[in-house]
Amino acid sequence: MAIHYHCRHCGTKIGSIENSSVYSEQLGFHKLNDQERQEMISYDQSGDMLVKAICEDCQESLERNPDYHQQDFIIH
């Protein structure tokens with residue numbers, strides 16, 4: 001099982017973890033409430049975990065343009 005991180009705003013692949021012995025506590029997933037988990041974590045057909053995060057470019061764009069928080073998708 002791999003864990004793949006993608007930006008929730010632009011879809012860019014941020015990175016992957018191929019190690020199958022990583023625990024949710026190590027990744028901070030235990031700090032998410034149920035709603036946050038449902039919004040951020042899903043699984044593909046092969047059983048890999050897909051995590052929606054935010055890339056550095058989108059984070060910078062949001063900091064410079066707070067009104068972008070209303071948008072679901074950002075092109076940079």
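The values are calculated or read from the model by the stated rules, or taken from the named source; none is laboratory data. For clarity, every value in this text was computed on a predicted model and none was experimentally measured. In this analysis, Cβ positions are derived from the backbone assuming ideal geometry, glycine residues included, and neighbour counts consider all displayed protein chains. All accessible areas refer to the heavy atoms of the entire protein, side chains included, with ligands and DNA or RNA removed. Shrake-Rupley method; radii C 1.70, N 1.55, O 1.52, S 1.80 Å.
Quick notes on this structure:
- Its Cα centre serving as origin, the chain has a Cβ charge dipole (Lys and Arg +1, Asp and Glu -1) of approximately 60 debye.
- Solvent exposure ordering (accessible area, 1.4 Å, most first) of Met49, Met1, Met40: Met1, Met40, Met49
- Of Ser16, Ser46, Ser61, the one that fluctuates the most in a GNM where the chain has Cα springs shorter than 10 Å: Ser46
- At 1.567 mPa s and 4 °C, Stokes D of the chain from Kirkwood alpha-carbon radius, µm² per second: 96 µm²/s
- For the chain, averaging the sequence separation of C-alpha pairs within contact (under 8 Å, six or more residues apart) and dividing by the residue count gives a relative contact order of 39 percent.
- For the chain, the 222 nm mean residue ellipticity estimated from helices alone, with every DSSP H stretch of n ≥ 4 adding -39500 (n - 2.57) and the total spread over all residues, rounds to -6500 deg cm²/dmol.
- Residue order for Val51, Val22 - accessible surface, 1.4 angstrom probe, largest first: Val22, Val51
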